[in-house]
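S.K.: Before I ask anything, here is the structure I am working with.
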Amino acid sequence: MNKNDECEIVKDLAIPYAENLINDKSKIFVEKHLDNCDSCKKYYSEINLNIQNEEKNEKTWKMKNAHFR
């Protein structure tokens, strides 16, 4: 498989990987690729940061709206 194909696969798996929703073989594939590809590593870091921000915003929203119950 060429590097461009690997990059596309890793980008497709970035969100499920960040949310720990992929199987062990896919996880190993993604991790090996991220170790060797700065572009995908940057892409994954951005995806992961976005996920963390969304989770943080959701928790904040829930805490603020808990007062209205």
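S.K.: Among the residues of segment 46-55, is any surrounded by fewer than 10 Cβ atoms within 10 Å (Cβ to Cβ), charged (D, E, K, R) and without any contact (Cβ under 8 Å) to a residue 12 or more places away in the chain?
M.R.: No, the conditions are met nowhere in segment 46-55.
S.K.: For residues in segment 10-36 being in contact (Cβ under 8 Å) with a residue 24 or more places away in the chain and assigned to a helix (DSSP H, G or I), which is farthest from the chain's Cα centre (by Cα)?
M.R.: His33
S.K.: Which numbered condition trips up Val30, out of (1) open to solvent by 50 Å² or more (accessible area, probe 1.4 Å); (2) in contact with a Leu (Cβ under 7 Å, 6 or more places away or on another chain); (3) of a type in the set (A, V, I, L, M, F, W, C)?
M.R.: Just one mismatch for Val30, condition (1).
The values are calculated or read from the model by the stated rules, or taken from the named source; none is laboratory data. Note that the structure is a prediction, hence the values are computed from the model and not measured. Here Cβ is always computed from backbone atoms with ideal geometry, including for glycine, and neighbour counts include all displayed protein chains. Remember, those area values only see protein heavy atoms, side chains included, never the ligands or the DNA or RNA. Shrake-Rupley method; radii C 1.70, N 1.55, O 1.52, S 1.80 Å.
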